[in-house]
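S.K.: Got a structure for you, questions after.
The values are calculated or read from the model by the stated rules, or taken from the named source; none is laboratory data. Quick caveat: nothing in here was measured; it's all calculated off a predicted structure. Cβ atoms come from the backbone with ideal geometry, glycine included; neighbour counts cover every protein chain shown. For the accessible areas, the whole protein counts, side chains as well, though only heavy atoms, and no ligand, DNA or RNA atoms are used. Shrake-Rupley method; radii C 1.70, N 1.55, O 1.52, S 1.80 Å.
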Amino acid sequence: MNYRIALIFAVLLAGCTALQAPHVESTHLYLLDAKPAIIVAQHHQVLAISMPSSRPGFDTPQMAYLRQPLELEYFATQRWADTPARMLKPLLAQALEPVFRAVVPTPGILPANLRLDTELIRLQQNFTTKPSRIQLTLRAQLIDMKDKRVIAVKLFDESENTDSDNAYGGVIAANRALQRLLDQLTEFCINASTSQ
């Protein structure tokens, strides 16, 4: 009798060991970040910045990559801390605050002279090249709020080779590409708002 109980106990213990949860790798969260260029000139207009929109496939915290053309895939355990568009908005404000009298969110209660609308076209790591490359494309549109007309539209397209063919290498390259893009966007806003 004791032998049977011991045998049943051993079988149950072995079964519990076999049913242990599989090891799940932890998720790594990454940030988009860039330092604004130092601008000395300041315009007297108030600029409203709307929430950037995203093209399908990029309105997610998942980090996108390509191994073959037109097939978007996502890293399994590496993610952005938020959607790239949501992380982009404060960086746009930070880059443009030194240029304008004030930068305000939209919708907001303060009236603005100009509004900047942006759309994230793509932010992906392309593994079809060696080394892999980050591709960052943003469409910007500056609108005169008084006349309700578009002043200027521009497509910014930046690529940057990665230092390593992994997600972290992509993050570092994305932030270098973003820095250049924000500098170009600042120049775009200065020139467009001056020429109106």
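Listed here are the residues, each with its yes/no results for (1) touching a Pro at 6+ places or on another chain (Cβ under 6 Å); (2) assigned to a strand (DSSP E or B); (3) open to solvent by 70 Å² or more (accessible area, probe 1.4 Å).
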{"residue": "Met63", "(1), (2), (3)": "no, yes, no"}
{"residue": "Leu70", "(1), (2), (3)": "no, no, yes"}
{"residue": "Phe75", "(1), (2), (3)": "no, yes, no"}
{"residue": "Gln78", "(1), (2), (3)": "no, yes, no"}
{"residue": "Ala85", "(1), (2), (3)": "yes, no, no"}
{"residue": "Leu88", "(1), (2), (3)": "yes, no, no"}
{"residue": "Leu91", "(1), (2), (3)": "no, no, no"}
{"residue": "Val99", "(1), (2), (3)": "no, no, no"}
{"residue": "Val103", "(1), (2), (3)": "no, yes, no"}
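S.K.: While we're looking at this one, here's another question. Considering the range 136-163 alone, what residues qualify as being of a type in the set (A, V, I, L, M) and modelled with pLDDT of 95 or more?
M.R.: Leu136, Leu138, Ala140, Leu142, Ile143, Val150, Ile151, Ala152, Val153, Leu155
S.K.: A further question on this structure: Might you let me know whether the range 163-183 holds any residue that is hydroxyl-bearing (Ser, Thr, Tyr) and not in a helix (DSSP H, G or I)?
M.R.: Yes: the range 163-183 contains one or more residues that are hydroxyl-bearing (Ser, Thr, Tyr) and not in a helix (DSSP H, G or I).
S.K.: Follow-up question, since we're still on this one. Quick check on my filter: what residues within the range 114-158 are more than 30 Å from Gly169 (Cβ to Cβ) and either of a type in the set (D, E, K, R) or out of contact with any helix residue (DSSP H, G or I) (no Cβ under 8 Å at 6 or more places or on another chain) (or both)?
M.R.: Correct list: Arg115, Asp117, Gln141, Ile143, Asp144, Met145, Lys146, Asp147, Lys148, Arg149, Val150, Val153.
S.K.: Turning to a different aspect of this structure: Could you please find all residues in the range 127-166 being more than 20 Å from Glu71 (Cβ to Cβ) and of a type in the set (Ser, Thr, Tyr)?
M.R.: Ser164
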